[in-house]
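Below: the structure, in structure tokens.
Any read-out appearing in this document is the output of simple, stated calculations on the displayed coordinates, not a laboratory observation. Predicted, not measured: the structure shown is a model, and the values here were computed from it. Counting neighbours? That spans all protein chains shown, and the Cβs are built from the backbone with ideal geometry, glycine included.
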Amino acid sequence: MKRFAYLKSFRLRIFLIMFLTGFIATGIMRFGMTANTRNRAIRERSMEVTEQIRICANRMINYGYFHSAPSDIISAQLTQLSLVYEGRILVIDSAFKVISDTYDISLGKTMIGEEVMLCYRGETINNYDRDSRYIEVAVPVMEKDPETGENVILGMILASASTDSIRREADILTRQGFIIELVVLAALIGISALTATLSVRPFERVTKAMAGVVSFEEDIPVVSDYKETGEIVEAFEKLRQRLKVLDESRQEFVSNVSHELKTPIASIKVLADSLNMQEDAPLEMYREFMQDISAEVDRENEIISDLLELVRMEKGASGMHVENININELLEQIIKRLGPLARKSEVDLILESKRNVNADIDEVKMTQAITNIIENGIKYNKHPGWVRILLDADHQYMSISISDSGVGIPESEQAHIFERFYRGDKSHSKEISGTGLGLSITRRTILLHKGSIEVESKPGEGTTFLVKVPLSFIVGE
Ligand code: ADP
């Protein structure tokens, strides 16, 4: 297939379009011109012959050709005409008998044919026979009867004239036309090639400029000549900006991850070192420090699990195991699992289902996503407090609203809570454990399900998260 790649060349296509258009146009012009000139010449010749024969017919009447013996003058004229027009002239009397023939073949014979009959009725006939390439003319010779005043047919002149001389001239014209056409075509090849090369040049410039861009920081150094190339550069520029943002967020992510992973290890190191340095450290101190070390190990574990979850999410929809799941049961299970934590924090978990809902979801991922939101509701709550989960659905979407009576999220923080590693106001984030990854995992899961998540909150009053997910899974990223 690669062998024919050049056929896809834009330059070749422009060249072909221009060349073929010119080629067809000159071809049509040449054909039209020669055919037109030839037809006009035949028409003119035919009118000329008819006119000459008519003059002859008038002379015949004047000379009384059909009444007396055939006149030599008329015969000489007929012979001359037949020579001039490379043809044959017959004279027929009213009894359809040939009385003169410039070929001397049909003298005395009777001639009856369609043309003769029409002519006998007084019509002048004028035909061009394409097969024999002869102009055929039939002219009646009529005289007015002095008594009745009616036209009386005395006879007819039938003439056939060759169009060979016209054809010869037309052939010369065709040959000349052909030579001119060749010259025009040669010029056309040159012009088409030049135009094709010039028209792809801006695209080549853009390609070269893009190939030269090696980092996200560089702008594309192009002054574009076409609107289209301008649009390509613009689209590329937008892509570059997006990639730049993505690259920056990746770098930030890596540095955040390193920092987050280092923090518990640093604490463990400090705790262990201080125990090592103190020679007669009491057992209580060992116990206390070991509990702290254990808590830091738990935290490290938590961060790593969340990170792994996040990395798994990055695989996109391909890593999804979608099944039709009963959402009422799924929510009951989550609440059962979170029961001990809620009781410990004196938070009531209330589940309200408006109807029975089944949806195509990845059970593990969705459980994790909803758990994260409810867990936050318990963590960032007053004690005692409540978290209310409301399940509803229409014919297309299921909606899960999770409200709490908690501390709320300030307006300025609301835009950031779904970002990776973002944790709210430092004052409470230190007291309440977390990695800042929970909501970003949740949001990613909801988006993989082609759903949406919104937050509404008033500091001091509480927060509501509204999750909407299509009941049927929509394939595609
Ligand atoms: P984490 O809970 O581990 O800190 P999340 O990504 O789950 O991380 O949440 C990000 C931040 O959003 C939290 O640190 C908290 O400040 C805020 N937040 C999330 N849910 C609630 C809630 N229900 N009430 C108040 N603040 C919340």
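From the Kirkwood radius over Cα pairs of region 227-313, Stokes-Einstein at 37 °C and 0.692 mPa s returns a whole-number translational diffusion coefficient of 198 µm²/s. If Lys and Arg each add +1 and Asp and Glu each add -1, what is the summed charge of the other residues whose beta carbon sits under 13 Å from the beta carbon of Thr163? Every neighbour counted, the sum reads -1.
Bridges between two residues of the chain, per DSSP, are antiparallel at a rate of about 90%.
I want the local charge near Val322. Using Cβ-Cβ distances under 13 Å, sum +1 for each Lys or Arg and -1 for each Asp or Glu among the other residues.
Working: positive: Lys365, Lys450; negative: Glu323, Asp360, Asp362, Glu363.
Surrounding charge for Val322 is -2.
Using Cα atoms only, what is the angle between the long axis of helix 164-212 and the major principal axis of the chain, expressed in degrees (0 to 90) to the nearest 10? Roughly 10 degrees, rounded to the nearest 10. Relative intensity of region 321-470 on a log10 scale, I(q)/I(0) at q = 0.10, 0.11, 0.20 Å⁻¹, equals -0.32, -0.39, -1.33, per a Debye sum over C-alpha point scatterers of equal strength in the absence of solvent.
Filter the GluC sites (Glu not before Pro) in region 261-300 to those in DSSP coil with at most 10 other Cβ atoms within 10 Å of their Cβ, and list the result. For GluC sites (Glu not before Pro) across region 261-300 that sit outside H, G, I, E and B with at most 10 neighbouring Cβ atoms in 10 Å, the list reads Glu279. Can you give me the angle between helix 10-62 and the longest principal axis of the chain, using Cα atoms only, in degrees from 0 to 90, rounded to the nearest 10? Once rounded, one gets 20 degrees.
The separation of region 196-221 from region 56-94, counted between C-alpha centres, amounts to 85 Å. Summing Cβ point charges (Lys, Arg +1; Asp, Glu -1) relative to the Cα centre of region 145-237 gives a dipole of roughly 520 debye. Only one residue of Val322, Leu437, Ser412 has its Cα farthest out toward the positive end of the dipole of region 321-470, where Lys and Arg carry +1 and Asp and Glu -1 on Cβ, and that residue is Leu437. Relative to the current alpha-carbon distance between Glu454 and Val84, full extension at 0.36 nm per residue lengthens the span by 123.0 nm. Using a cutoff of 8 angstrom between alpha carbon atoms and counting only pairs six or more residues apart, the relative contact order for region 91-209 works out to 18 percent.
Where the only charges are on Cβ atoms (+1 Lys, Arg; -1 Asp, Glu), what is the dipole of region 9-169 about its Cα centre, to the nearest 20 debye? Don't skip to the end; give the middle numbers.
On the way: 18 positive and 20 negative charges, 264 e Å.
That gives a dipole near 1260 debye.
From largest to smallest, the equivalent ellipsoid semi-axes obtained for the chain from the alpha-carbon gyration tensor read 111, 30, 16 Å.
Here region 373-387 is scanned for amide nitrogen atoms under 18 Å from the site 7 Å beyond the Cα of Gln333 along Cα-to-Cβ, giving 373-375.
Magnitude of the charge dipole for the chain, about its Cα centre and with charges confined to Cβ atoms of Lys, Arg (+1) and Asp, Glu (-1), is about 1320 debye.
Compactness of region 42-158 was expressed as the Cα radius of gyration divided by 2.2 N^0.38 Å, which yields 1.01. Paramagnetic label reach from Thr207 (point 7 Å along Cα→Cβ; backbone nitrogen cut-off under 19 Å): within region 1-33, residues 1-17.
Grab the Cα-Cα distance for Thr37 and Glu352, subtract it from 0.36 nm times how many residues apart they are, and report the gain in nm with one decimal. Walk me through the intermediate numbers first.
Details: separation 315, 0.36 × 315 = 113.40 nm, distance 9.38 nm.
Length gained, Thr37 through Glu352: 104.0 nm.
Taking the charge dipole of region 138-195 about its Cα centre, with +1 at Lys and Arg Cβ atoms and -1 at Asp and Glu Cβ atoms, the residue from Ile191, Gly155, Ala138 reaching farthest to the positive side is Ile191. Taking the C-alpha atoms only, the angle from helix 327-344 to the longest principal axis of the chain is near 30 degrees.
Contact order for the chain, expressed relative to its length and based on alpha carbon pairs under 8 Å spaced 6+ residues apart, stands at 10 percent.
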